[in-house]
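> This is the structure I want to talk about, given as structure tokens.
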Amino acid sequence: MKPADQFRLLELSERYADEKLSAEETASLEAELRASPEARAFFAKALYQRAELTFDDSWHSQPTAATTEVKSTSRPSWWRHGITAAAAACVTFAFVWLQNSRDGTVATLVRAQQCQWAASSLPTVEGARLKPGMLDLTEGLAVLRFDSGAELVLEAPATVEVLDGMNCKLRRGTLVAEVPPQAKGFSIDTKDAKVIDWGTKFGLSAGEDGKYLVQVLEGLVEVDDKSGAATKKLEKGQRVDRGWSHSQMHPATDLDDAEPSLGQTAVVMDTGDGWQAITTAFGHGRDTYIQSSEKTPNGFGSHPFFRVKHSRDSKPDLNRKGYIAFDLSKFSGRQIEEAELVLTIEPSELGFASFVPDSTFAVYGVTDESEDAWEEAGLSWQHAPAHDPAQPERHLPAAAKVKLLGRFEIAQGINRGTRKLRGKDLADFLKSDTNQIATLIICRETAETQDSGLVHAFATKENSTRSAPMLRVKLR
């Protein structure tokens with residue numbers, strides 16, 4: 001580094017610590033420090049020396065490293081004053097960069113909530129320092145804090161490649177990024193786009209097929225589409241959706257296959273100790289969901305999952321409720337003593353898990369048996385059992401037409417596993433059946449905390465890898 005550059009950085013360090021740099025000067029300085037390890041090292045030395053002078057008054061008899069290097073005969077004003085809180089923050093900021101240049105680490109895994117990991121090349125213990133490499137999260141939420149200050153919340157399933165302190169790549173999945181002013185310019189690459197943040201908060205979803213969604217929650221981002229389209233600048237409330245939502249809302253299904261999908265059984269299963277089980281693939285069983293924005297049926301009955309959501313009041317058209325029906329004909333004439341409902345959680349990948357806390361779900365039984373004749377293909381928000389499309393509580397069924405059978409919980413970030421509902425209310429509801437069909441409605445009582453919160457999903461009989469809704473009963 002030339003002496004002139006050293007002296008310039010020395011002056012900048014003084015003004016930076018005293019909070020006298022303009023926003024433009026601060027941004028220019030931070031860009032220079034990010035780009036030059038030599039500049040970072042010198043800047044850190046200068047600020048560290050300033051901190052030491054607060055506690056050591058022997059400086060007047062000892063030449064300093066910084067003044068020796070710049071060969072200056074005059075001492076700047078901060079040599080005569082104590083260190084400020086701003087200077088202490090700058091020392092920490094600069095030494096993080098200096099340390100990174102030595103050990104190669106660029107980020108920290110500051111939080112791992114309910115996490116399960118696949119073939120990651122980086123350490124996955126909470127608190128671990130991270131070098132460039134791959135993280136593959138299959139379950140839960142993980143928070144990465146880059147040394148630049150940028151913070152990412154990874155929402156499983158997600159695969160992220162850490163590149164350096166200012167760049168990473170989202171290979172698949174969803175994350176929420178919060179970028180403070182000192183990390184302006186932080187970028188996230190995807191297969192078909194690059195998102196550059198200018199001090200803001202935004203959500204990003206991307207797939208290995210190139211589809212992506214960017215949604216700005218605060219501030220400003222730039223989206224550079226690699227197809228050659230013009231760079232887009234997005235502000236709060238704006239989004240760019242290149243096929244991501246459509247691919248999640250309309251999953252590929254084999255509609256030519258009239259038989260239940262692999263793993264879904266269409267028979268009564270004997271599970272031992274007097275228990276028998278059926279799924280919605282048995283007999284006249286059905287499973288689907290309705291969404292308040294849908295004016296006509298949209299093929300939800302062919303999806304490999306049914307979706308459930310309680311949206312905010314500002315987005316009333318995004319509520320969803322699940323409908324399942326079990327064919328009880330094989331239990332006709334026999335007394336049901338106990339019963340258990342089993343639902344398999346399906347990764348939804350629609351919406352942001354960060355915006356939905358631990359959630360409570362309620363299961364209702366439809367008491368009016370005249371409404372049990374519904375069909376998957378014709379179910380809609382306007383025509384569904386025990387449903388009033390005009391009621392204020394859009395995420396719930398019509399109270400006069402249902403019986404609450406119980407509740408279950410799903411923790412934030414969980415996207416796999418099963419949930420079971422067992423109890424007297426469920427057994428009594430099945431005992432009261434007279435038409436050999438039981439219709440259940442699944443609702444989420446917990447609302448999202450911000451718009452675009454996660455839509456929970458559960459496997460249906462069309463799912464080829466996860467079990468359809470199952471009803472287990474113990475017969476007398």
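So that you can scan it fast, the table gives a plain yes or no per residue for (1) over 24 Å from the mean Cα position of the chain (by Cα); (2) over 28 Å from residue 475 (Cα atoms); (3) surrounded by 16 or more Cβ atoms within 10 Å (Cβ to Cβ):
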| residue | (1), (2), (3) |
| --- | --- |
| 321 | no, yes, yes |
| 341 | yes, no, yes |
| 345 | no, no, yes |
| 368 | yes, no, no |
| 382 | yes, yes, no |
| 390 | yes, yes, no |
| 402 | yes, no, yes |
| 412 | no, yes, yes |
| 418 | no, no, no |
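> Restricting to the range 265-316, give me the number of residues that are hydroxyl-bearing (Ser, Thr, Tyr), farther than 14 Å from residue 381 by Cβ and in a strand (DSSP E or B).
Looking only at that region, the number is 2.
> How do the strands (runs of 3 or more DSSP E) wholly within the range 317-398 filter down when requiring 2 or more residues that are touching a helix residue (DSSP H, G or I) at 6+ places or on another chain (Cβ under 8 Å): which remain?
Because the criterion is at least 2 residues that are touching a helix residue (DSSP H, G or I) at 6+ places or on another chain (Cβ under 8 Å), the strands (runs of 3 or more DSSP E) in the range 317-398 that meet it are 336-346, 359-366.
> Let me ask you something else. Take the range 139-180 and flag every residue that is in contact with a Ser or Thr (Cβ under 9 Å, 6 or more places away or on another chain), surrounded by 21 or more Cβ atoms within 10 Å (Cβ to Cβ), under 21 Å from residue 114 (Cα atoms) and in contact (Cβ under 8 Å) with a residue 60 or more places away in the chain.
Residues satisfying the conditions are 141, 153, 155, 156, 173, 174, 176.
> While we're looking at this one, here's another question. State whether one or more residues within the range 221-231 are modelled with pLDDT of 90 or more, more than 30 Å from residue 341 (Cα to Cα) and surrounded by 21 or more Cβ atoms within 10 Å (Cβ to Cβ).
yes
> Among the residues that make up the range 182-201, is at least one of them assigned to a helix (DSSP H, G or I), within 17 Å of residue 148 (Cβ to Cβ) and not aromatic (Phe, Trp, Tyr)?
Within the range 182-201 (the criterion being assigned to a helix (DSSP H, G or I), within 17 Å of residue 148 (Cβ to Cβ) and not aromatic (Phe, Trp, Tyr)), the answer is yes, since at least one residue qualifies.
The values are calculated or read from the model by the stated rules, or taken from the named source; none is laboratory data. From a predicted model like this one, the values you see are computed outputs, not experimental measurements. Cβ sites come from the backbone with ideal geometry, for glycine too, and all protein chains shown count toward neighbours.
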